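Just so you know, all these numbers are worked out from the coordinates, no wet-lab data involved. What you are looking at is a predicted structure, and each value in this text was computed from that prediction instead of being measured. Backbone-built Cβ (ideal geometry, glycine too); neighbour counts: all protein chains shown.
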Amino acid sequence: MNTSTPVMPVAGSRASAAPISRSRRQVLQWFAAGCGCAACGSAGARLLDFDLVAVEVASKTWAVLGRTEYFSQDNGGNIVNTSFIEVPDGVVVIDTGPSKRYGDALRELIGRTVPGKPILRVYNTHHHPDHFLGNQSFEASVIAAPQKVIENISLEGDGFTDNMYRLLGDWMRGTYSVAPTVVMNTDNEDVGGRQFSLFYLEGHTNSDFVIRDDETGVVFAGDLAFLYRAPTTPHADIPSWKASLEVLSGMDKSLLVPGHGPSDAKDESLVQTADYIDWLYGSISDSVGKGLTMNEAMVLPIPARFEGLGVIRTEYERSVVHLYPALEDVLYPVVEVTR
Ligand SMILES: [Zn+2]
């Protein structure tokens, strides 16, 4: 992996002739370490079918669990958790997956699982592409998120889409970025006869939206929580993330659905995520303090307790790229010298 290699926008199935703006460059950083997948570019003639499965994790509450991997032609981008809930008058959906193809498959799965009920609300937990690029499969008028998430999607959505085409090729066919139209800013919402509590947190990104179904006590934590999959940090603020994990720990709940990994009844995802980002922050700070280069920091050993996390080495390397420059600024501030 060579992180200094420029990442170019896709010139293919989704044409984009625009020059790379500052905001698009920030988006490209999200992918800066590349896919790391040997299969990329070799979709072949296989049928591109997600074959999504709904797992009932609580009463009339289903999680659609993605693989604990990075994007590849093999998984088609199905690396994320989405969820849906049957409420008295319809269905509520949390996150829509990485593409139109996934969004269509999710809609079809919802229709089979909860036949005849309208989709009344779709929540986007944050602006990372695996969580919202299925939006176009749903009515834009019911898709909701906090203002900052909507702004992030409006600013970075097209750049994310271009790069997802680069990583996933034909899996992305027909996909474009659709921002939510409903701004959420209340502490709760009644949807179709069911009360949801809404929490406006941050740390994984600058706006992480958490939803709790007050009837079942299931919390949908988005990417503030990972379980058995290494957390991602392209837009992370580690101290804020830790504070949000404290809020999630103290939340009254029966079950937590993380953004990646299996559903969690014992807050294991919160403990694991906090442990990892603590170590990550300390390790990278230590490397910066010792004057190591980024390349030297990337090959440092990872503690054995994290070896079971999916894509740990790849995500660690990506995190070095994401976090190193900011920590250098903190630990070695520029000193003005006047002569
Ligand atoms: Zn994310």
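With +1 on the Cβ of every Lys and Arg and -1 on the Cβ of every Asp and Glu, and nothing else charged, how large is the dipole of the stretch 143-266 about its Cα centre, in debye rounded to the nearest 20? Mind dumping the intermediate values first?
Working: 9 positive and 18 negative charges, 74 e Å.
With only Lys, Arg, Asp and Glu charged at Cβ, the dipole is about 360 debye.
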(Q) Springs between alpha-carbon pairs under 10 angstrom, Gaussian network model over the chain: which of Val55, Val321, Val93 fluctuates most? (A) Val55
Q | Cross-link reach list, aspartates and glutamates versus Lys100, counting only Cα pairs under 15 Å and skipping chain neighbours closer than eight places | A | Asp49, Asp51, Glu108, Asp130, Glu139, Asp158, Asp162, Asp170
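Compute, for the stretch 59-128, the length of the dipole vector about the Cα centre, with Cβ point charges of +1 (Lys, Arg) and -1 (Asp, Glu) only. Units Debye, rounded to 20.
140 debye
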Q: Note down the net charge around Ala179, summing +1 for each Lys or Arg and -1 for each Asp or Glu among other residues with Cβ under 11 Å from its Cβ.
A: -3
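Of the chain, which part is the longest with no GluC sites (Glu not before Pro) in a loop (DSSP not H, G, I, E, B) and with at most 15 other C-beta atoms within 10 angstrom?
Answer - 140-306.
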Q.
What whole-number distance in Å separates the alpha-carbon centres of the stretch 286-316 and the stretch 87-146?
A. 36 Å
(Q) Per residue of the stretch 199-212, what does 6.51 cos²θ - 1.76 cosθ + 1.60 with θ = phi - 60° give for ³J(HN,Hα)? Whole Hz please, x for Gly and Pro, Karplus curve as stated. (A) 10, 10, 10, 7, x, 5, 9, 7, 7, 10, 9, 10, 10, 10
Q) Rounded to the nearest 20 Debye, what is the dipole magnitude of the stretch 226-339 about its Cα centre when Lys and Arg each give +1 and Asp and Glu each give -1 at the C-beta? A) 160 debye
Q. What aspartates and glutamates could a cross-link reach from Lys60, if we take a straight Cα to Cα line under 14 Å and drop same-chain neighbours fewer than 8 places away?
A. Glu86, Asp89, Asp213, Asp214, Glu215
Q.
For a quick size check, give me the Cα extents of the chain along its three principal axes, largest first, whole Å.
A. 72, 47, 41
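At R0 = 25 Å, how high is the FRET efficiency between Val182 and Asp89 if r is their beta carbon distance? Nearest 0.05 is fine. Present the calculation step by step, with values, prior to reporting the outcome.
On the way: r = 17 Å, r/R0 = 0.69.
For Val182 and Asp89, the calculated efficiency is 0.90.
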Q) Hey, can you list the DSSP H helices of the chain whose Cα span along the axis is 30 Å or longer and whose average Kyte-Doolittle score is at least 0.0? A) 268-289
Q: For the pairs Lys242/Lys290; Lys117/Lys242; Lys148/Lys290; Lys253/Lys290, note any where the Cα-Cα span goes beyond 32 Å.
A: Lys117/Lys242; Lys148/Lys290; Lys253/Lys290
